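The values are calculated or read from the model by the stated rules, or taken from the named source; none is laboratory data. Note that the structure is predicted; figures quoted are calculated from it, not measured. We place every Cβ from the backbone using ideal geometry, glycine too, and count neighbours over all the protein chains shown.
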């Protein structure tokens, strides 16, 4: 793992052979690496374990966060007309609801997209309604689609055994290098979300979904897993 200075960059790809092969290894793919993940790893449902599911033709309440004003629109009534899935890194996903509503100002019908984990859509019969979320908290919620466990390898002082430490991080950039003559590799820029390196940017080559099940699977194979408070938890077995 390499520490780097904080910078903002967008995902890019370096590839010396066909785009068709590259499309099989996107950041949203379950097969982003030739290394098999630990048994029991689970992708992150961004809407949460207690997700409220809506159905087509259901009447709902909707709102949107307006980034240019950092303000929420007021709640209005709408009808769900379609449902699809958005995907983040290493398989994270969430249902997205396409809603038809009437514009408050013009009275015209409009179509908009709403995500439950951003509290943009709510059942019409559930009260109280969620309060407006401050802008900073909203962007933090939206950032969850990029949360992962990133791998750091270390040799403990006075030991010769290589330890694997998975720490919570947010993906800032993902670049996949693929060449016909060498093994494909990932170069992933992440920002650490816990521990003494909180806020530090690193380059890593392996990440896993940021879920409880993933942390448990890593500990079962003897890896260390960093908790949100920065402490380390680990299994009884040593990594291979």
Quiz item: Looking at segment 54-70, which of its residues are in a loop (DSSP other than H, G, I, E, B) and over 12 Å from residue 121 (Cβ atoms)?
Solution: 55, 56, 57, 67, 68, 69, 70
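Residue-wise test of (1) under 28 Å from residue 176 (Cα atoms); (2) outside the structural domain of residue 210 (by TED's automatic domain parsing).
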residue: 37; (1), (2): yes, no
residue: 52; (1), (2): no, yes
residue: 87; (1), (2): yes, yes
residue: 95; (1), (2): yes, yes
residue: 110; (1), (2): no, yes
residue: 128; (1), (2): no, yes
Exercise. Scan segment 30-67 for residues that are within 19 Å of residue 93 (Cβ to Cβ), surrounded by fewer than 15 Cβ atoms within 10 Å (Cβ to Cβ), modelled with pLDDT under 90 and out of contact with any helix residue (DSSP H, G or I) (no Cβ under 8 Å at 6 or more places or on another chain) and report the count.
Key: 3
